[in-house]
Amino acid sequence: MTFIDWSDAEGMIELFHEFVRDELNGCVADAERRAFLRQLLGDVMSIHETKLVDGIEQLRALQDAIPDEFRADPACTHLADLIVELEGLALNG
C-alpha cells in the first residue's frame, strides 16, 4: 500500500502523473483519449517546477481549457481533486 503524504505537493503531482500514465497504458484503442491524456500529462509536467500558488493557477487554466468531450474523463476528476488538495496546502502552508 502506498503512503500518501498530503503535505507534499510534489508527491501529489507525481501521483497524478502516475495515474495519467496508467490511464494512457489502458486506453490503447482510443486514439483521441490517448492524445488528450498525453497533452494533459505534458502540460502538468511542464508546471512541476513552479511555485505552488503559480502552479495552482496554471492547473486551473488547464482545467478550464479541457475540451467538453473530455470533461467527464477520470483524469479530469483527479485533476480537480489535485487542485483542491494543493489549494489546501497553499492555505495552510
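Looking only at the range 49-93, which residues are surrounded by 15 or more Cβ atoms within 10 Å (Cβ to Cβ) and not in a helix (DSSP H, G or I)?
Scanning the range 49-93 gives 66, 73.
Here is a yes/no grid of residues against (1) within 10 Å of the chain's Cα centre (by Cα); (2) polar (S, T, N, Q); (3) at positive phi:
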site	(1), (2), (3)
47	no, no, no
57	no, no, no
63	yes, yes, no
67	no, no, no
72	no, no, no
76	yes, no, no
85	no, no, no
88	no, no, no
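Using the structure shown, decide if residue 10 is assigned to a helix (DSSP H, G or I) and out of contact with any His (no Cβ under 9 Å at 6 or more places or on another chain).
No: the conditions fail for residue 10.
So, in the range 26-42, exactly how many residues are in contact (Cβ under 8 Å) with a residue 12 or more places away in the chain and surrounded by 15 or more Cβ atoms within 10 Å (Cβ to Cβ)?
Of the residues in the range 26-42, 5 are in contact (Cβ under 8 Å) with a residue 12 or more places away in the chain and surrounded by 15 or more Cβ atoms within 10 Å (Cβ to Cβ).
How many of the residues making up the range 47-93 are small (Gly, Ala, Ser) and either closer than 21 Å to residue 7 by Cα or touching a residue at least 40 places away in the same chain (Cβ under 8 Å) (or both)?
6
Just so you know, all these numbers are worked out from the coordinates, no wet-lab data involved. Quick caveat, the model's predicted, so the values are computed rather than measured. Methodologically, a virtual Cβ is constructed for each residue, glycine included, from the backbone with ideal geometry; neighbour enumeration extends over all protein chains shown.
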